[in-house]
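Have a look at the structure below before the remarks.
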Amino acid sequence: MGERLRLDVEYHGEHVATAYYRWGGLPSMAIQLAGVILESLRKNEEKELIPMVYYALSFTGAVVEPSDQDYLNTLGYEFEDVEPMMESGGVIWFSKKTNNLLGTDYELKICLENSTADLENVLYHWKVDESSEAWRYMDSQRNEMPSTSWEMNLANLNEKDLVELHKVSQSAVSTNSLFTIKGRKELFDSPL
């Protein structure tokens, strides 16, 4: 079973697009997806919102759902193929008809107006329960875990935050440990 992620792109609270990634709910993958999208948006030279978002999501390896391609065509959009920066197996919808996304485990939001990502939902699913035996054992080893260099608001992460957070989560994956965020009490898992 996958760790299914629904990624919503919004502009001033309005839906622009949704992408669905079968394995995107793992912290390291969700952080990387958000980082690639924000980097692509920053570098993008498109002036229109839909093409700008299309190319940013396509750089993650996501493709437009065939039924949604007709929707884009009726709006007058035709896009060039994109050489993705990563392979994700994601699917993109621009229409609001995404209720058929059954089995979504995690949600991530990209806010275009301030170029930030909201990863609070994803990471909170991977935090270690403070009442568990694992917490009691691991909390004493907190200083040995990978950790961020600065405090972060998980609901408002910029591109620089995502680069730092990805580095820390990857370190946790490679050392088979948990990771922390400076100034926060939570311990987060980042499984393979």
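Taken over the range 95-121, the criterion of being in a loop (DSSP other than H, G, I, E, B) and either modelled with pLDDT of 90 or more or open to solvent by 40 Å² or more (accessible area, probe 1.4 Å) (or both) is satisfied by Lys96, Lys97, Asn99, Asn100, Leu102, Thr104, Asp105, Leu112, Glu113, Asn114, Ser115, Leu119. Which one of these does Tyr137 not meet: (1) at pLDDT 95 or above; (2) assigned to a helix (DSSP H, G or I)? (1) is the only condition that Tyr137 fails. Of the residues making up the range 62-75, none is among the aliphatic types (A, V, I, L, M) and within 12 Å of the chain's Cα centre (by Cα). Tell me, yes or no, whether the range 157-179 has at least one residue that is in contact with a Phe, Trp or Tyr (Cβ under 8 Å, 6 or more places away or on another chain), part of a strand (DSSP E or B) and aliphatic (A, V, I, L, M). Yes, the conditions are met somewhere in the range 157-179. Restricting attention to the range 140-156, the residues that are in a helix (DSSP H, G or I) and not basic (Lys, Arg) add up to 2. With respect to Glu46, determine if the residue is in contact with a helix residue (DSSP H, G or I) (Cβ under 7 Å, 6 or more places away or on another chain), without any contact (Cβ under 8 Å) to a residue 24 or more places away in the chain and either in a helix (DSSP H, G or I) or open to solvent by 40 Å² or more (accessible area, probe 1.4 Å) (or both). Against the criterion (in contact with a helix residue (DSSP H, G or I) (Cβ under 7 Å, 6 or more places away or on another chain), without any contact (Cβ under 8 Å) to a residue 24 or more places away in the chain and either in a helix (DSSP H, G or I) or open to solvent by 40 Å² or more (accessible area, probe 1.4 Å) (or both)), Glu46 qualifies.
The single residue among Ser40, Ser88 that is in a helix (DSSP H, G or I), surrounded by 14 or more Cβ atoms within 10 Å (Cβ to Cβ) and polar (S, T, N, Q) turns out to be Ser40. The set of residues in the range 55-66 being out of contact with any helix residue (DSSP H, G or I) (no Cβ under 8 Å at 6 or more places or on another chain) and either open to solvent by 80 Å² or more (accessible area, probe 1.4 Å) or not polar (S, T, N, Q) (or both) consists of Gly61, Ala62, Val63, Glu65, Pro66. A single member of Leu38, Leu49 is at pLDDT 95 or above and among the hydrophobic types (A, V, I, L, M, F, W, C), and it is Leu38.
The values are calculated or read from the model by the stated rules, or taken from the named source; none is laboratory data. These numbers were taken from a predicted model, which means no experiment stands behind them. When we count neighbours, we look across all protein chains shown, and the Cβ atoms used for this are built from the backbone with ideal geometry, even at glycine. Surface areas here come from the heavy atoms of the whole protein model, side chains and all, with no ligands, DNA or RNA. Shrake-Rupley method; radii C 1.70, N 1.55, O 1.52, S 1.80 Å.
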